[in-house]
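A quick write-up on the structure given underneath.
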Amino acid sequence: MKVEAEPVEPRAIVEDIAKTFTPAAHKKGIEVVVEVEEGLPRVMGDPIRIKQVLSNLAENAVKFTPQGGTVRFGAKAAELDDGASGLGAVLMAAPRRAIAFTVRDSGIGMPREELPRIFDAFYQVDGSSTREHGGTGLGLSIVKRLVDAHEGSIEVESFVGEGTRFVVTLPSVEGE
């Protein structure tokens, strides 16, 4: 998958996603919180595709968070490891500067044993919640492909009944 590469402002992307999803969240009685670190360098990437990644995560966060819950959107400085280990890690360059975008909710969460498969195409964690909330099981698969195309990483942490946190880490523009 090919993506365009241009400098993108993390704050602008996060605020745009929050603005887009706040009406749906408020309609469900969900609080929206934006937490963006000051002075972040720009991310190198395709702004349309980065928004697509965060929109998919935001849509799921709002969809699976009940009334009275909270959805948080954030961005902060981070490092992006190249994945090398052992001697390779010692010989490789230091981790790259990056930006970590976070979408966190206080929703229904997912069982730990399901997490390794959530990025598989058409996979859905729970058939009963899928029937209730809709969906095809393609959103997270697309998210993973787009993050990979940006040479980034995605991590998920989730606890049933407590919520889910996705962290998308993308390389920042060097020298900023």
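Residue-wise test of (1) modelled with pLDDT under 95; (2) at positive phi; (3) over 13 Å from the mean Cα position of the chain (by Cα).
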{"residue": "Ile50", "(1), (2), (3)": "no, no, no"}
{"residue": "Ser55", "(1), (2), (3)": "no, no, no"}
{"residue": "Asn60", "(1), (2), (3)": "yes, no, no"}
{"residue": "Lys76", "(1), (2), (3)": "no, no, no"}
{"residue": "Ser85", "(1), (2), (3)": "yes, no, yes"}
{"residue": "Val90", "(1), (2), (3)": "yes, no, yes"}
Looking only at segment 123-154, which residues are at negative phi, at pLDDT below 90 and assigned to a loop (DSSP other than H, G, I, E, B)?
Tyr123, Gln124, Val125, Asp126, Thr136, Leu138
Under 6 Å by Cβ, and 6 or more places apart or on different chains, what pairs join a residue from segment 144-159 that is farther than 17 Å from Lys51 by Cβ with one that is outside any strand (DSSP E or B)?
Val156/Leu115; Ser158/Gly109; Ser158/Met110; Phe159/Gly109
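Let's see how each residue does on (1) within 19 Å of Ser153 (Cα to Cα); (2) assigned to a helix (DSSP H, G or I):
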position: Gly29; (1), (2): no, no
position: Val33; (1), (2): no, no
position: Met44; (1), (2): yes, no
position: Arg49; (1), (2): yes, yes
position: Val53; (1), (2): yes, yes
position: Gly74; (1), (2): yes, no
position: Glu79; (1), (2): yes, no
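The values are calculated or read from the model by the stated rules, or taken from the named source; none is laboratory data. None of the values given here were measured: they were computed from a predicted structure. Methodologically, a virtual Cβ is constructed for each residue, glycine included, from the backbone with ideal geometry; neighbour enumeration extends over all protein chains shown.
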